[in-house]
Amino acid sequence: MRRRRKKDWDLFFEELKEILVKLEIDYRETSRIKSKGALCSVRGKRVLIVNRRLDSEDKADLLRRETAGEDMEALYLKPEIREYLEER
């Protein structure tokens, strides 16, 4: 994966979050947790909870890690996004 600047990571992460919509996973940021975050179930809905203090690169890594078991073969993903997710 090519190196990105902070601004590039911010834009890239926004594109990555679109995957969550396709997977029917809600996204929430909070500063109330001490960990980086995790995919969990809240009132029967899947939610990716992320520590607000993380930078976009760390948030992207968390999203990639937590969605690793999801079936994305049928989803249309930009080649750059698919490549990033397959780096697992």
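Computed from the coordinates by the stated procedures, all read-outs in this text should not be read as laboratory data. From a predicted model like this one, the values you see are computed outputs, not experimental measurements. Backbone-built Cβ (ideal geometry, glycine too); neighbour counts: all protein chains shown.
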Where labels lie 7 Å past Cα in the beta-carbon direction, separation of Ser41 and Glu57 in nm: 3.6
Any residue on another chain or 5+ positions along whose placed amide H is under 5 Å from the amide H of Tyr27 is listed here as Leu48
Pop out the ³J(HN,Hα) list for the range 37-42 in order, Karplus 6.51 cos²θ - 1.76 cosθ + 1.60 with θ = phi - 60°, rounded to Hz; leave Gly and Pro as x. x, 5, 8, 9, 10, 10
Only bridges whose two residues both fall in the range 6-86 count here: according to DSSP, what percent of them are antiparallel, nearest 5? 55
Under 5 Å between amide H atoms, partner at least 5 residues away or on a different chain: which partners does Lys36 have, H built in plane at 1.01 Å? none
Could you grab the relative contact order for the chain? Cα pairs under 8 Å, six or more apart, rounded to a whole percent. 28
With springs only between Cα atoms under 10 Å apart, run a GNM on the chain and tell me which of Ile19, Ile33, Ile49 wobbles the most. Ile33
Can you give the charge dipole size of the chain about its Cα centre, rounded to the nearest 20 debye, using +1 on the beta carbon of Lys and Arg and -1 on the beta carbon of Asp and Glu? 540
